[in-house]
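Down below is the structure, laid out as structure tokens.
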Amino acid sequence: MATKTINVDMLAKMFLAGAQNIEAKKEFINELNVFPVPDGDTGTNMSLTIMSAAKEVTALENPGMKELAKAISSGSLRGARGNSGVILSQLLRGFTKSIREEKEIDVIALAAACTRARDTAYKAVMKPKEGTILTVASGIAEKASELAQETDDLEEFIPAVIEHAKEVLAKTPEMLPVLKEAGVVDSGGQGLLEVISGAYDAFLGKEVDYSAIQPAGGVTVTKVNAEDTADIKFGYCTEFIILTEKEFTEADEHDFKAYLSSIGDSIVCVADDDVVKIHVHTNDPGLAIQRALTYGQLSRMKIDNMREEHQEKLIRDAEKLAAAQEEEKAKEPRKPMGFITVSIGEGLNSIFKELGADYIIEGGQTMNPSTEDMLKAIDAVNADSVFILPNNKNIVLAANQAKALVEDKEIIVIPTKTVPQGITALINFVPDADAKSNEETMLEEIKNVKTGQITYAVRDTKIDEKEIHEGDIMGIGDSGILSVGTEVEATALDMLEQLVDDDSALISLYYGADVSEEDADAFTEKVTEKYPDVDVDAQFGGQPIYYYVLAVE
């Protein structure tokens, strides 16, 4: 029997199943990243983006199509991380705008939504590139429009669209030579395929594990600082009532109390006919429950994580303090210009603060901040014009998406693609000049920065005509891999040879968390000896994963 329409309940299930599927496949998608770096993050970014929307959807009670559409669109828009996450959020935004007024969705409405999803995503990207997630989205839209003229049965329509999406994805290496050389399909396109494949599973009525979206009931254990909860010996306040199936004698009461004393404290055991009230603080509530079940059935069970409650109190206190500080800050006169910068690593954070950054978003290569993170930062900076320095090409889209959502401040995104570019932009800020002049100066100055980053390969591959093996050291420049070797210093020096020219005046070295100060000093001496006519400046960056971040100006 044909299925002609999808109602709001089914659409919600399909969306959540799609989110669950990409969450389950995120590591597989991460491994498809062209560069074999340890922080490949397409799958992670797409998963975090759609999970933000999934949480909005699960919070709804009996939504209509308009409420569901708003939750998906708003949740993904604010939760968008990285280029792939931003594009996915735009696909979802276009899709939900198209279906929000529908009571039920048929093949015509579904095809129209796929088309609007594609168009919205293409408009959001300044220079759309084929062989990417956009190509797969376009293939889905074209096939959906074609099939909508041939069938009204969703059971034929959806699998045919998915099959075509797979075919388009398989062709992405032919569109992007870098994919073909690395022997992978586009990771963003694979992510989109996982979303719609998961949605189709729900449509078919397959059993879907929604645990990643809706955690199982019970106690959530939060890792906290041991010093904060050192005075809590037993962490779980456990209460329940036993509905006894036989007489609960004084001997039973004595034995049970003795057992509870062996696993906890603060014990209350009150028997009244066939009802026994129990209260105990313990580190293993399951043990108390198992023993209680030998006396009868259990009712009104309640388990509270006291360490978590203590931590939440600390958080509430910290939030109150932060609110008070924000209130004080709000009393300060609004300044003309302020700065938000993305950074990671103790040393780099300190450098940005010293240069005048008002707000530092922790993130970057290892964790792309979301649009929501950007919006919170913008709200915290008390300035008429707020400059955002993304310092990563994968964060620029999220910054621009945040810019589009702000109305009460002028937001200027300086498209810095590396941390050294961000540092250069801040160094060249002139407080006495206006925002427009500063923007022009920064855009011009960051063009003079050549960046190189030293990290290790997480898999075998071939890229930029270089054979790379797992564990190799790579020198990655602004446009690709410049050097490959087996030693950090040798690879970094080889990369510098390709960055330094006759016009170079300064080499800046930022050494990471995994490099000792002694090793950094020794490497700096080698660089200084090799380039005696160039100033060399070395500073602790503290960044993870990347042994060195180098800048040549």
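The values are calculated or read from the model by the stated rules, or taken from the named source; none is laboratory data. Keep in mind it's a predicted model, so treat the numbers as computed, not measured. We place every Cβ from the backbone using ideal geometry, glycine too, and count neighbours over all the protein chains shown.
Just to be sure before I move on: is V419 at pLDDT below 95, of a type in the set (V, I, T) and under 30 Å from K335 (Cα atoms) in the structure I sent?
Yes.
Can you list residue pairs whose Cβ atoms sit under 7 Å apart, with the first residue in the stretch 148-164 being touching a residue at least 12 places away in the same chain (Cβ under 8 Å) and charged (D, E, K, R) and the second being buried (at least 17 other Cβ atoms within 10 Å of the Cβ) and assigned to a helix (DSSP H, G or I)? Count only pairs 6 or more apart in sequence or on different chains.
Matching pairs, first to second residue: D152/V107.
Out of everything in the stretch 344-370 that is of a type in the set (S, T, Y) and modelled with pLDDT of 90 or more, what residue ends up being surrounded by the most Cβ atoms within 10 Å (Cβ to Cβ)?
Looking at residues that are of a type in the set (S, T, Y) and modelled with pLDDT of 90 or more, I get Y359.
Note down all Cβ pairs under 6 Å where the first residue falls in the stretch 184-197 and is in the same structural domain as P173 (by TED's automatic domain parsing), the second is basic (K, R), and they're at least six residues apart or on different chains.
E194/K25
Only residues that are hydroxyl-bearing (S, T, Y) and under 28 Å from T5 (Cβ atoms): list them for the stretch 150-176, please.
Listed by number, the list holds a single entry, T151.
Hand me the list of strands (runs of 3 or more DSSP E) wholly inside the stretch 356-471 holding 2 or more residues that are within 28 Å of D494 (Cβ to Cβ).
In the stretch 356-471, the matching strands (runs of 3 or more DSSP E) lie at 450-456, 461-463, 466-468.
Please find, among E27, E101, E31, E61, the residue that is in contact with a Lys or Arg (Cβ under 8 Å, 6 or more places away or on another chain), modelled with pLDDT under 90 and either surrounded by fewer than 21 Cβ atoms within 10 Å (Cβ to Cβ) or assigned by TED's automatic domain parsing to the domain that holds N368 (or both).
Of the residues listed, the single one that is in contact with a Lys or Arg (Cβ under 8 Å, 6 or more places away or on another chain), modelled with pLDDT under 90 and either surrounded by fewer than 21 Cβ atoms within 10 Å (Cβ to Cβ) or assigned by TED's automatic domain parsing to the domain that holds N368 (or both) is E31.
Identify, please: which residue in the stretch 494-553 is assigned to a helix (DSSP H, G or I), free of Cβ contacts under 8 Å to residues at least 40 places away in the same chain and among the hydrophobic types (A, V, I, L, M, F, W, C) and is, among those, surrounded by the fewest Cβ atoms within 10 Å (Cβ to Cβ)?
This residue is A522.
Considering each of S76, S84 in turn, give the residue that is buried (at least 22 other Cβ atoms within 10 Å of the Cβ), modelled with pLDDT under 90, in a helix (DSSP H, G or I) and outside the structural domain of K417 (by TED's automatic domain parsing).
Result: S84 is the single residue among S76, S84 that is buried (at least 22 other Cβ atoms within 10 Å of the Cβ), modelled with pLDDT under 90, in a helix (DSSP H, G or I) and outside the structural domain of K417 (by TED's automatic domain parsing).
Does any residue in the stretch 81-109 that is at positive phi come within less than 8 Å, Cβ to Cβ, of a residue that is of a type in the set (D, E) six or more places away or on a different chain, and which pairs are these?
The qualifying pairs are G82/D41.
For every residue, the table says whether it meets (1) modelled with pLDDT under 95; (2) in a helix (DSSP H, G or I).
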residue	(1), (2)
M126	yes, no
E130	yes, no
V136	no, yes
I140	no, yes
S145	no, yes
H164	no, yes
E167	no, yes
P173	yes, yes
